[in-house]
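Data first, discussion second: the structure below is written as structure tokens.
The values are calculated or read from the model by the stated rules, or taken from the named source; none is laboratory data. All figures in this text were calculated on a predicted structure; none of them were measured in a lab. Neighbour counts are summed over all protein chains in view; Cβ atoms, including those assigned to glycine, are modelled from backbone coordinates with ideal geometry. Just the protein is used for accessible areas: all its heavy atoms, side chains included, with ligands, DNA and RNA removed. Shrake-Rupley method; radii C 1.70, N 1.55, O 1.52, S 1.80 Å.
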Amino acid sequence: MAMKKIAALIAGLALAFSLTACSGAPKAAPTNGGAKAQGDSFVVGFDAEFPPFGFKDNSGKFVGFDLDLAQEVAKRNGWEYKPQPIAWDSKDAELGSGQIDCIWNGFTMTGREDKYAWSKPYVNNKIVFVVKADSGIAKPADLAGKVVDVQKDSSGLAALQDPANKALTDSFSTLTQVDDYNTALTDLTAGATAAVAMDSTVAEYKIKQLGADKFTVIDPGFKAEAYGVGFALGKEKLRDQVQKTLDEMAADGTLQKIAEKWGEQGALVK
């Protein structure tokens, strides 16, 4: 009887192992560094409210400087281009799960150098404060005791949380984290906040759209940084494919042409 029980137990374990191996076992991670072949999809994660780098136009189409770059890279490699809007504070989860191939949307490299497989920097940026033109606020010190908006999980928030800027941030009555800069600028227009800490590249574009006479940028900015395309660690071969194409686009003038279309030619890394 004991021998039969042992035999049955062994058979059961063998069956369980077989089923696990066939269906539920995690698969080994690919070892090709994420490299893509012609016909593969290229899914670009971006914040859909971050003009001029990525946003939804009046017709409902996703457009922008970075999306034009990504689409051209996909075209030259024979990949299927797929723009994928994401919540900015969920970007790491999207990238880590493989839902997107990269984060390409005014993505700050500064302070994140070791967290991603980065392209070369291609745009220079700085973090600035935007205030209403008639606010009487002329310098960061004038924000003492006032409400300031910043986007969640943004480089602007990281800059304000930097120990070097602790005294400045501690002087605010409130630092409010909002989902996107459209919300922040609406707060500013309504008088719900005194200033918005944001990327200078986005601030300049938005001010042109909303009216240059309505807002002022407190300059110089309080943190300099650079933008790059971010890939998950381990996806260096895909990064290299994209970088090679970007280098070709820079050499043949396509990068400059796209930058001029979106008014970003002055910000390109030389």
Legend entry - region 38-50 residues that are open to solvent by 20 Å² or more (accessible area, probe 1.4 Å), paired with ones that are polar (S, T, N, Q) (beta carbon under 6 Å, 6 or more apart): Val43/Gln84; Glu49/Asn182
Legend entry - Test for Val130: is it over 15 Å from Ser154 (Cα atoms), β-branched (Val, Ile, Thr), out of contact with any Lys or Arg (no Cβ under 9 Å at 6 or more places or on another chain) and open to solvent by less than 20 Å² (accessible area, probe 1.4 Å): no
Legend entry - Given (1) farther than 22 Å from Asp247 by Cβ; (2) open to solvent by less than 70 Å² (accessible area, probe 1.4 Å); (3) modelled with pLDDT of 95 or more, number of the condition Gly111 does not satisfy: (3)
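Residue by residue, here is whether (1) free of Cβ contacts under 8 Å to residues at least 12 places away in the same chain; (2) touching a helix residue (DSSP H, G or I) at 6+ places or on another chain (Cβ under 7 Å) holds:
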position	(1), (2)
Val123	no, yes
Val130	no, yes
Ser135	no, no
Ala167	yes, no
Asn182	no, no
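Give the residue, chosen from Ala70, Ala117, Ala87, that is open to solvent by 20 Å² or more (accessible area, probe 1.4 Å) and hydrophobic (A, V, I, L, M, F, W, C).
When all the criteria are applied, what remains is Ala87.
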Legend entry - Residue match in region 21-37 (condition: part of a loop (DSSP other than H, G, I, E, B), closer than 22 Å to Lys208 by Cα and either touching a strand residue (DSSP E or B) at 6+ places or on another chain (Cβ under 6 Å) or in contact (Cβ under 8 Å) with a residue 40 or more places away in the chain (or both)): no
Inset, instruction - Scan (1) touching an Asp or Glu at 6+ places or on another chain (Cβ under 6 Å); (2) modelled with pLDDT of 95 or more for the single condition Pro52 breaks and write down its number. - result: (1)
Legend entry - Qualifying positions in region 139-174 - out of contact with any Pro (no Cβ under 6 Å at 6 or more places or on another chain), part of a helix (DSSP H, G or I), open to solvent by 20 Å² or more (accessible area, probe 1.4 Å) and farther than 17 Å from Glu225 by Cα: Pro140, Ala141, Asp142, Lys166, Ala167, Thr169, Asp170, Ser171
Legend entry - Scan of region 237-270 for residues that are basic (Lys, Arg), farther than 19 Å from Val63 by Cα and part of a helix (DSSP H, G or I), ordered by number: Lys237, Arg239, Lys244
Inset, instruction - Give region 198-208 a look and list any residue that's part of a helix (DSSP H, G or I) and either modelled with pLDDT under 90 or hydrophobic (A, V, I, L, M, F, W, C) (or both), or say none. - result: Val202, Ala203, Ile207
Legend entry - Some residue of region 222-236 being in a strand (DSSP E or B), touching a residue at least 24 places away in the same chain (Cβ under 8 Å) and surrounded by fewer than 15 Cβ atoms within 10 Å (Cβ to Cβ): yes
Legend entry - Qualifying residue in region 64-84 (condition: modelled with pLDDT of 95 or more, under 20 Å from Gly228 (Cβ atoms) and assigned to a loop (DSSP other than H, G, I, E, B)): yes
Inset, instruction - Restricting attention to region 175-197, report how many residues are assigned to a strand (DSSP E or B) and buried (at least 24 other Cβ atoms within 10 Å of the Cβ). - result: 3
